[in-house]
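J.: Have a look at the structure that comes next, please.
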Amino acid sequence: MSFFFDPFITFGSPSWLLTLTSALIVPFLLSEPAASATGVTSDTSDLSALLSIRAHLNPFTSLSSWDSHNSSIPFCQWLGVTCGSSKNRGRVTALNLANLGLTGSVSSDIGNLTFLRSLNLSFNNLQGQLPPELGRLSHLELLVLSRNALEGRIPGTLANCSNLWRISLGSNRLAGEIPAEFGALPKLQILSLHDNDLSGRIPASLGNLSSMTHIDLVGNRLAGTIPPSLGRLQSLVHISVTRNSLRGAIPVSIFNMSSLSYLYVGYNQLSGTLPPDMGNTLVSLEVLQAFGNILEGPLPISLPNASMLREIVLPYNRLSGPLPRDIGKLRYLSSLNLRANGFEARTAEDWEFFTSLANCSYLQTLDLEYNKLEGTLPSTIVNLSTQLTWLGLGGNEVHGSIPEGIGRFIHLERLHLDQMALTGHVPAAVGKLRNLHVLSLDDNQLSGVLPSAVGNLTQLENLYLNGNGLQGEIPKSFGNLRQLTVCDLSFNKLEGCIPEELTELTSLTRYLNLSRNLFTGPLPAEVGSLKNLESLDISKNRLSGEIPSTIGECQVLQYLYLQGNHLEGAIPDSLSSLTGIQVLDLSCNNLSGHIPVSFGRLEHVRFLNLSFNDFQGQVPNEGVFKNANVYSVTGNNKLCGGTQALHLQPCPGHVPGKKDGSPAVRSIVSIVITVTLFVLSLAAASYLLHRQRTRRCMPVVPSKRQYPMASYSEISRATDGFSPSNIIGQGSFGQVYRGTMSYDSIVVAVKVFDTVQIGAFQSFKAECETLGAIRHRNVNKILTVCSSADHNGDAFLAIVTAYMPNGSLNDWLHPGADVNGDASSTLTLLQRLNIAIDVASALDYLHHYSGTTIVHCDLKPSNVLLDNDMVAHLCDFGSAEFLKETTAGDLAKEINRISRLKGSIGYVAPGHLLHLILIYCS
């Protein structure tokens, strides 16, 4: 109700006072009951909304105070509820139910709390969708629903909440696009949508939010480019778009934002260069993180002018050139991570940056691994900040020795000086680094004995000393390393007995690798203490004695490599209790006795290698032994039976499918066989003795004599840590990477086998054996191989071949989206003819001139690679077979064999029919 002065009333009239009083008082009296009525209605509305919210939530115990039947506690005093104190008295203005373990969903009636300004339901387990009714909360300023399990799209109706200054919806399961309507929220300062499943593009309309200070979009599936409009946000302090699928260059406008302090753009597919003047324009920049992209070019020489910089994190890019010599001007610098780029240092001037880093007294992380730094390890390394916790220079062409002064970095937790050309001894001063968790000195040229001071590193978790020339015995002080989970001492010249103290380290969980040393004596029975170990490799040593039965107590063991020793005796029955074993290699020893039938029950086995021992008797037929592709018993001449694929002689006295006969017949047969065997053994005694002395153990995988063996670290370095950007193809048993080998800088193709797949080990073996037996211009030859363990202790197999820049024949015959449709991507008739001739030439060689007939078994366009001159090269011999001479009488067997075709799924290679054709034509 409103009132007004009647213009006809004069102040001189006696009635004017009464009239004015009535006009003032009556409306007031009339309005009071109306206000009370409205208050009752509003209170009821808020109460109903709260009860509906409670009804959608569990458990009720967290909201026990929310009881409408208890009139003594008004809802304004309920847990998490705040009401207004003045003009909004009795109305809910804030609802804070964070971290109460609530489940359920958000009620749509929450939109009836029309005076709500703050809503916080974070750190619960709420599910369902965000109700569009949230858009009715016109007073809402703060919306925090992070750390739940909310799904569906973000409602665009939130744009109606014009007072919103913070939206936090991170760590949910929200999908769809970011509403472009958010660009109409004039007061929005913080937008946090990290770790959801959002897709689409970043709305350019966000550039209209002049009050915006923080944008956090980490961990989604956002695509497209970073909108240049964000550069208009003059108040923006924090941009975080890490772990998305963004492409293109970082907009120049972003580098002109003087307010920007934090720039996180890592793990995308961003390209381009860093502006040369960015250090002059980003004057407030404190953190620059752009790891895992494809950025190119140099690190701007102006970067040291950004004096507030604390973190420069740019690993796994393609940055190159020398580093700024005055980078030490960044006095607040605490982290410099430039790992896996192409930064160079060839001259003394190029190394000046390293000397200047001594001025960075706050420096804690320095990681320059896997670049192109060359020369002598700078003596100024000992002048770096004593606050260092991470020092990494590995994977560079750096030589020299490790200085004793390394011991001054008492806070160091990780020391990576691996894959270089360091010489000299491991300094005893390393023992002063008592906070060290990771010590990686592998793949150098270090010599001398292991200092016992290493035993002082009681916090050490990972120890990598493999690939050096270390001598002497393992110090007994290694028994003090009670936190050790990984120990790799392989490829050295260590000798003596394996100390019991090492095999008693129950902390070893990932792997213990002592392979390719000179260890002697027995394998300690204490090896049974390694109950949590996943991988044990003591292959290629000089161990003797029997396999200790206690090894069966290592119930977590998945990989056991004991091949290439002098172990003897029978296989202990306890090995059958290793139910999780995936790879078991006992080859190239002097083991005897029978193959345990119980091995057939090892259902997780992917490769069982018992070859080149002295086993006798029947090969089991059950379980794993039904599949000849997952085990090998080659070189055991006293074995018989087994599956037909083994081509072993039938066991004496047993004719498949017939009864054994009467006791009298069995006795006669037994006597005859015994006498015959006795005579034959006398006749062959000298031959067997001579053969035992001269027999070479032929390993299933190539030895260093056949191919130059590469280490896992070398393969990892060549492929930039198996970067997804280097994947160039998919093979039958793994992926193919483009890489560059450090020792000759040639570009290669690296086929990494997925050892989880059944048949991968057999495929690796077949490819190595096949390509090792042939040389032809149209067959892709092996440059090097790797049969080792990765840094997790899992089996690692890789074959390195020449890189074919023109891809496969399939790429040209069936071009995809990445192949241009112009004439240059179309094969001419002459090229097609030449390729056909090349393939035919390779097959003719394999079938007739390679010594033993070789059938490829997986011939198809994708297995024909083309070099720079469009010369065809046959590849992928993982399914190849060596065929022996066959007569027409074997026709039925060959038909049965061919009925079990190998090769790619959905494709039958013509090579499978070759052997049958040869039989028919003979």
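J.: Surrounded by fewer than 18 Cβ atoms within 10 Å (Cβ to Cβ) and modelled with pLDDT of 85 or more: is that true of residue 798 in this structure?
T.: No, not satisfied.
J.: Before we move on, is residue 88 in the same structural domain as residue 155 (by TED's automatic domain parsing), closer than 28 Å to residue 147 by Cβ, touching a residue at least 24 places away in the same chain (Cβ under 8 Å) and not small (Gly, Ala, Ser)?
T.: It is false that residue 88 is in the same structural domain as residue 155 (by TED's automatic domain parsing), closer than 28 Å to residue 147 by Cβ, touching a residue at least 24 places away in the same chain (Cβ under 8 Å) and not small (Gly, Ala, Ser).
J.: How many residues are on the phi > 0 side of the Ramachandran plot and out of contact with any strand residue (DSSP E or B) (no Cβ under 7 Å at 6 or more places or on another chain) if we restrict to the stretch 628-642?
T.: Summing the residues that are on the phi > 0 side of the Ramachandran plot and out of contact with any strand residue (DSSP E or B) (no Cβ under 7 Å at 6 or more places or on another chain) in the stretch 628-642 gives 1.
J.: Of the residues that make up the stretch 547-563, is at least one among the hydroxyl-bearing types (Ser, Thr, Tyr) and assigned to a loop (DSSP other than H, G, I, E, B)?
T.: Taking every residue of the stretch 547-563 in turn, none turns out to be among the hydroxyl-bearing types (Ser, Thr, Tyr) and assigned to a loop (DSSP other than H, G, I, E, B).
J.: Please find, among 408, 346, the residue that is modelled with pLDDT of 95 or more and among the basic types (Lys, Arg).
T.: 408
J.: Any chance you could count how many residues in the stretch 487-509 are within 33 Å of the chain's Cα centre (by Cα) and surrounded by fewer than 21 Cβ atoms within 10 Å (Cβ to Cβ)?
T.: Total satisfying the criteria: 6.
J.: Also, quick follow-up: Out of the residues in the stretch 44-93 that are hydrophobic (A, V, I, L, M, F, W, C) and modelled with pLDDT under 85, state the one that is farthest from the chain's Cα centre (by Cα).
T.: Checked the stretch 44-93; the qualifying residue farthest from the chain's Cα centre (by Cα) is 73.
J.: While we're on this one: Going by what's in this entry, would residue 443 be described as touching a strand residue (DSSP E or B) at 6+ places or on another chain (Cβ under 7 Å), in contact (Cβ under 8 Å) with a residue 40 or more places away in the chain and acidic (Asp, Glu)?
T.: In short, no.
J.: Mind checking which residues of the stretch 112-134 are among the small types (Gly, Ala, Ser) and buried (at least 18 other Cβ atoms within 10 Å of the Cβ)?
T.: Answer for the stretch 112-134, where residues must be among the small types (Gly, Ala, Ser) and buried (at least 18 other Cβ atoms within 10 Å of the Cβ): just 122.
For (1) at pLDDT below 95; (2) assigned to a loop (DSSP other than H, G, I, E, B); (3) under 27 Å from residue 378 (Cβ atoms), each residue gets a yes or a no:
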{"site": "426", "(1), (2), (3)": "no, yes, yes"}
{"site": "439", "(1), (2), (3)": "no, no, yes"}
{"site": "447", "(1), (2), (3)": "no, yes, yes"}
{"site": "453", "(1), (2), (3)": "no, no, yes"}
{"site": "460", "(1), (2), (3)": "no, yes, yes"}
{"site": "474", "(1), (2), (3)": "no, yes, no"}
{"site": "484", "(1), (2), (3)": "no, yes, no"}
{"site": "487", "(1), (2), (3)": "no, no, no"}
{"site": "494", "(1), (2), (3)": "no, no, no"}
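J.: For residue 369, indicate whether it is of a type in the set (D, E, K, R), surrounded by fewer than 19 Cβ atoms within 10 Å (Cβ to Cβ), farther than 19 Å from residue 475 by Cα and in contact (Cβ under 8 Å) with a residue 40 or more places away in the chain.
T.: no
J.: Further, regarding this structure: Please work out which one of (1) outside any helix (DSSP H, G or I); (2) over 22 Å from residue 273 (Cα atoms); (3) hydrophobic (A, V, I, L, M, F, W, C) is the condition residue 373 fails and give its number.
T.: For residue 373, the failing item is (2).
J.: Please tell me if residue 271 is over 29 Å from residue 192 (Cα atoms) and not aromatic (Phe, Trp, Tyr).
T.: Against the criterion (over 29 Å from residue 192 (Cα atoms) and not aromatic (Phe, Trp, Tyr)), residue 271 does not qualify.
J.: List pairs: first residue in the stretch 257-275 and within 15 Å of residue 318 (Cβ to Cβ), second residue surrounded by fewer than 20 Cβ atoms within 10 Å (Cβ to Cβ) and polar (S, T, N, Q) anywhere in the structure, Cβ distance under 7 angstrom, at least six positions apart or on different chains.
T.: 268/245; 269/245
J.: I need a count of the residues in the stretch 230-256 that are in contact with a helix residue (DSSP H, G or I) (Cβ under 6 Å, 6 or more places away or on another chain) and crowded, with 18+ Cβ neighbours inside 10 Å.
T.: 4
J.: Which numbered condition in (1) touching a residue at least 40 places away in the same chain (Cβ under 8 Å); (2) at negative phi is the only one that residue 528 fails?
T.: For residue 528, the exception is condition (1).
J.: Still on this structure: Which of the residues spanning the stretch 185-199 are surrounded by 15 or more Cβ atoms within 10 Å (Cβ to Cβ) and more than 25 Å from residue 105 (Cα to Cα)?
T.: 185, 187, 188, 189
J.: Among the residues of the stretch 136-158, which ones are among the small types (Gly, Ala, Ser) and crowded, with 18+ Cβ neighbours inside 10 Å?
T.: 146
J.: Among the residues of the stretch 515-526, which ones are within 24 Å of residue 602 (Cβ to Cβ) and surrounded by 23 or more Cβ atoms within 10 Å (Cβ to Cβ)?
T.: The answer is 515, 523.
J.: Same structure, new question: Of 332, 316, which residue is in a loop (DSSP other than H, G, I, E, B) and at pLDDT 95 or above?
T.: Testing whether each residue is in a loop (DSSP other than H, G, I, E, B) and at pLDDT 95 or above leaves just 332.
J.: Of all residues in the stretch 65-106, how many are in a helix (DSSP H, G or I) and out of contact with any strand residue (DSSP E or B) (no Cβ under 7 Å at 6 or more places or on another chain)?
T.: Here the count works out to 1.
The values are calculated or read from the model by the stated rules, or taken from the named source; none is laboratory data. All values derive from a computational prediction rather than experimental measurement. Cβ coordinates were reconstructed from backbone atoms using ideal geometry, including for glycine residues, and neighbour counts include every protein chain displayed.
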